[in-house]
Ligand code: SF4
């Protein structure tokens, strides 16, 4: 009984520390981003299709400083390096990832190395991954500009 209570308390404390560390990384990443200069940053945000306020909101999401898209792609069998050349698809999928409300769940499955067995239940990019796996481009993004 007491052992359960202690282990729950330790688990909760670890969660708090992990949350705080994540917030610190996100704040540092945001500072580094804006240190590149307003014009450069505005250009990058325009390229991805994010407004300043959308970017600010996204940087408050869990694991905001981590590139979950590349890890997710590798997990489902897509080479993120060869995908970079598909500019419109890359921007659209990056935007979806940056603003994704399932980042905590996504990170958990990536850390457990079982993302590929679960992502179709929650990942907003799952259709795009399926398209890329079938023919190297996403039909669901056809006609969408970055
Ligand atoms: S669940 Fe999908 S869209 Fe969301 S962060 Fe993970 S890979 Fe990106």
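Taken together, the values in this text are just the output of simple stated rules run on the coordinates, not laboratory data. Since the structure is predicted, the reported quantities are computational estimates derived from the model, not experimental observations.
Results, tabulated for the structure shown:
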quantity	calculated
Helix 2-34 vs. the chain, principal-axis angle (Cα, 0 to 90°, nearest 10)	30
Semi-axis lengths (Å, descending) of the ellipsoid that matches the C-alpha gyration tensor of segment 66-128	18, 13, 10
The chain: angle of helix 87-98 to the longest principal axis, Cα-based, in degrees nearest 10	20
C-alpha long axis of helix 126-135 to longest principal axis of the chain, angle in °	50
Cα convex hull of the chain, projected area averaged across orientations, nm²	10.2
